[in-house]
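Have a look at the structure below before the remarks.
The values are calculated or read from the model by the stated rules, or taken from the named source; none is laboratory data. Since the model is a prediction, treat every value here as computed from it, not as a measurement. Cβ coordinates were reconstructed from backbone atoms using ideal geometry, including for glycine residues, and neighbour counts include every protein chain displayed. Ligands, DNA and RNA are excluded from the accessible area calculation, which covers all protein heavy atoms including side chains. Shrake-Rupley method; radii C 1.70, N 1.55, O 1.52, S 1.80 Å.
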Amino acid sequence: MFERSELIACIRSEIVGPSRPIEKQAIAIFHERVFADPISLRRGPLGWQPTAESSIEEILYYDRETPHRKYGAGLLHPEGITLVSPVSPDTSASNATDTLGIDPDESETLINNSEENIADTNVSDSADSDAEDDFEVTSADVRHPSTIGITFCVKLSANGRIIVQLPQNRRLSWQDEGNQPFPLNGRYEYATRQWSDEQGQTRESPMWRRRPALLPNTTIIINRDELLTGKPILREVSMPEASPIELRLDIFPRQIKNQHDVWLVTAVLRNKSSINGPIDHREQVLYQTYFEVLVENGLLEKYPESPRPFSQLDSDEQSLALLYRESATWAIGHGCAAGWDAEPNQAPDKIYTDVMPAVQIPSITPNIKKNGCDEQIQLSMRLLATLPDDLEGPAWQSLTSLADEYARWIQQNRDDANLLTPELRAVAIRHLDVCNACLCRINAGITALRNDQHIRTAFKLANLSMLLQQITTKQLSKRPLRWDQSSNLVVPDGDYKTPWDVYQQGKENSDLGFWRAFQIAFLLMSIKGVSNGHEPDREIVDLIWFPTGGGKTEAYLAVMAFYMFHQRLLMKDSDNTPERDGTNVLMRYTLRMLTTQQFQRAASLICAMEFLRRNPTQHGMGEILGKRFSLGLWIGSAASPNDVEQAKK
């Protein structure tokens with residue numbers, strides 16, 4: 001997990017800040033706000049210490065780098081600020097491609113809207129407001145937000161308290177134990193770097209130095225007896241002496257109907273800094289904004305769900321309620337995400353504002369183990385390529401065992417569904433009925449293999465071609481090629497082994513030539529639909545979902561191979577059948593690079609299929625009629641020819 005934690009830390013340091021230097025920082029000593037730099041051509045990270053006891057803080061100085069252009073999340077601007085600039089199209093394009101975070105055009109003007117609705121909160125004066133009253137907590141200028149907040153539900157006893165903390169740093173939940181905590185709630189001061197050039201002339205350039213914006217352990221406490229429905233509680237945040245930033249915490253409580261001492265509370269941190277004075281408004285921005293909420297003598301409650309009855313939820317909402325029944329929403333964010341750290345079915349200790357949320361997604365594996373043991377369900381391509389016509393043997397047994405394991409899993413989950421509430425039980429049964437439909441399609445595919453010689457042969461050829469393409473792409477090294485004039489073909493040069501040589505000798509690598517359970521299940525499910533044009537299955541669109549590397553491509557390549565082989569075998573039955581050796585499959589991708597990569601994988605399969613077509617005596621499954629197997633690629637004239645004449649040129 002160390003690599004993951006470091007990766008997220010690097011991303012956060014670039015988006016939220018402060019940056020994490022990859023080498024040791026040089027320390028700058030300031031006189032007032034001037035740094036006399038003895039090194040004229042300075043490179044590398046630079047830091048400073050606001051006090052002798054404080055940690056080293058970031059300095060931005062390289063090539064007019066500024067914090068308000070470098071960092072894009074977690075900024076709290078002075079309330080009422082609006083930046084307006086009549087920029088030209090050229091300037092807009094330049095700003096859009098700015099990778100250094102330099103200052104915008106000096107013509108950008110500041111408009112003070114602090115006189116107009118600076119609160120932006122529609123708070124009812126009535127103490128009878130119910131829990132459905134809402135408070136507008138968004139900023140007037142979404143590009144320069146001045147507020148950040150979270151809404152949560154809390155149950156308090158008579159002496160309960162809501163505790164809001166604004167720390168200077170925290171080790172975030174995704175960080176490893178040994179990782180350095182992230183600095184939070186900082187501000188940047190304008191400073192000047194001075195140095196002497198080669199002619200001895202004194203030169204200056206702007207710098208921005210970071211310092212903590214808040215006092216250590218800043219805490220605001222709201223007592224239970226202060227909470228009145230619809231009455232905001234406004235608390236000024238204590239700031240360090242001479243700080244240009246003024247912050248206020250706004251608490252909006254609403255008591256939940258028919259629930260004793262349960263409150264819906266919105267906590268908003270607001271930058272109330274005055275922008276009318278001599279202070280540069282850019283120094284009044286709060287960076288890496290963060291606060292957290294804890295409860296004393298009370299409990300955090302789940303955020304209220306939709307008031308609609310379960311029966312009125314649509315099928316997707318009901319499915320989500322079942323799948324995420326052990327998870328809960330504990331808060332919602334305003335201008336940020338709401339974060340909490342809790343195990344399933346447990347309440348968190350605190351909730352917090354999160355300007356760059358990071359969540360670990362549970363690992364999803366395509367490997368399925370047999371019931372009661374650690375042995376994975378894998379089916380051998382070599383074994384299935386020799387599926388005997390007597391319908392006996394280990395190859396047939398492996399197929400029926402797959403279906404039996406799936407049936408057992410469905411039944412086990414039906415038994416577990418009886419432990420659910422009636423509403424969720426009905427949803428679970430609906431899910432399992434869909435699983436059972438898949439099981440029926442798998443069994444139908446196995447039955448078709450037993451009853452139809454063409455289907456069985458196409459299945460065997462598909463398994464053999466998939467094994468050969470795996471040997472080609474995953475075992476054999478790249479071979480040099482040369483032009484053979486006698487055959488008028490490109491052939492491998494020098495000593496080499498063909499995939500067929502490896503297959504005949506049984507020397508494929510031990511990790512090759514095995515189907516994962518979902519892959520062979522997908523092939524079996526598809527057999528009836530792709531082999532019979534009148535099957536109801538042809539109206540079904542199957543979706544394979546797995547993360548990268550799960551085996552999706554090989555699953556659908558197997559179906560393609562089966563379909564194309566089966567079409568050729570049908571050509572044997574009658575001379576009056578339609579031509580079946582034309583275009584059989586269309587593959588479409590949304591990304592050009594992905595298209596190219598998938599084309600390469602499909603090409604290795606097509607080559608294996610063409611080898612089998614040309615060499616019927618070697619595989620012993622009979623002649624494969626029709627023209628050669630081939631494939632083409634079209635991704636636009638910029639990358640591939642649109643016609644044969646262009647290809648020749």
Which residues, taken from region 443-500, are open to solvent by less than 50 Å² (accessible area, probe 1.4 Å) and charged (D, E, K, R)? Arg456, Lys460, Asp484
Among strands (runs of 3 or more DSSP E) entirely inside region 142-259, those with 2 or more residues being without any contact (Cβ under 8 Å) to a residue 60 or more places away in the chain and among the hydrophobic types (A, V, I, L, M, F, W, C) are 233-236
If I filter region 421-437 for residues that are open to solvent by less than 50 Å² (accessible area, probe 1.4 Å), closer than 30 Å to Met621 by Cβ, modelled with pLDDT of 95 or more and touching a Ser or Thr at 6+ places or on another chain (Cβ under 7 Å), do I get at least one hit? no
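Counting just the residues of region 627-643 that are modelled with pLDDT of 90 or more and not basic (Lys, Arg), which one comes out surrounded by the most Cβ atoms within 10 Å (Cβ to Cβ)? Break it down stepwise before answering.
Quick first cut of region 627-643, residues modelled with pLDDT of 90 or more only: 627-631.
If we keep only those that are not basic (Lys, Arg) as well, we get 629-631.
Details: Phe629: 23, Ser630: 12, Leu631: 15.
Once the filter is applied, the top-ranked residue is Phe629.
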Quick check on my filter: what residues within region 386-420 are open to solvent by less than 70 Å² (accessible area, probe 1.4 Å) and under 17 Å from Arg450 (Cβ atoms)? Leu387, Pro388, Leu391, Gly393, Ala395, Trp396, Ser398, Leu399, Thr400, Ser401, Leu402, Ala403
Pull up region 345-385, narrow it to residues that are of a type in the set (Ser, Thr, Tyr) and open to solvent by 60 Å² or more (accessible area, probe 1.4 Å), then point me to the one that is nearest to His619 (Cα to Cα). Thr365
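When you go through Thr590, Thr595 one by one, which is the residue that is within 33 Å of the chain's Cα centre (by Cα), crowded, with 17+ Cβ neighbours inside 10 Å and either within 25 Å of Leu523 (Cα to Cα) or at pLDDT 90 or above (or both)? Please lay out each step first, then the result.
Numbers: Thr590 fails: crowded, with 17+ Cβ neighbours inside 10 Å.
Exactly one of Thr590, Thr595 is within 33 Å of the chain's Cα centre (by Cα), crowded, with 17+ Cβ neighbours inside 10 Å and either within 25 Å of Leu523 (Cα to Cα) or at pLDDT 90 or above (or both), namely Thr595.
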If you take the residues of region 260-291 that are aromatic (Phe, Trp, Tyr) and part of a loop (DSSP other than H, G, I, E, B), which of them is farthest from Thr66 (Cα to Cα)? Phe291
Single unsatisfied condition, Asp316 versus (1) at pLDDT 90 or above; (2) in contact with a Gly (Cβ under 8 Å, 6 or more places away or on another chain): (2)
Can you report the number of residues in region 1-54 which are of a type in the set (Phe, Trp, Tyr) and either under 31 Å from the mean Cα position of the chain (by Cα) or part of a loop (DSSP other than H, G, I, E, B) (or both)? 1
Out of (1) in a loop (DSSP other than H, G, I, E, B); (2) more than 30 Å from the chain's Cα centre (by Cα), the one Gly550 does not meet is (2)
Checking Asn179 against (1) surrounded by fewer than 17 Cβ atoms within 10 Å (Cβ to Cβ); (2) at pLDDT below 95; (3) out of contact with any Ser or Thr (no Cβ under 7 Å at 6 or more places or on another chain), which test does it fail? (3)
Which of the numbered conditions does Tyr563 fail, given that it passes all the others? Conditions: (1) open to solvent by 30 Å² or more (accessible area, probe 1.4 Å); (2) more than 19 Å from Ser604 (Cα to Cα); (3) part of a helix (DSSP H, G or I). (2)
Looking for something without any contact (Cβ under 8 Å) to a residue 60 or more places away in the chain, open to solvent by less than 70 Å² (accessible area, probe 1.4 Å), part of a helix (DSSP H, G or I) and out of contact with any strand residue (DSSP E or B) (no Cβ under 7 Å at 6 or more places or on another chain) - is there at least one such residue anywhere in region 615-626? yes
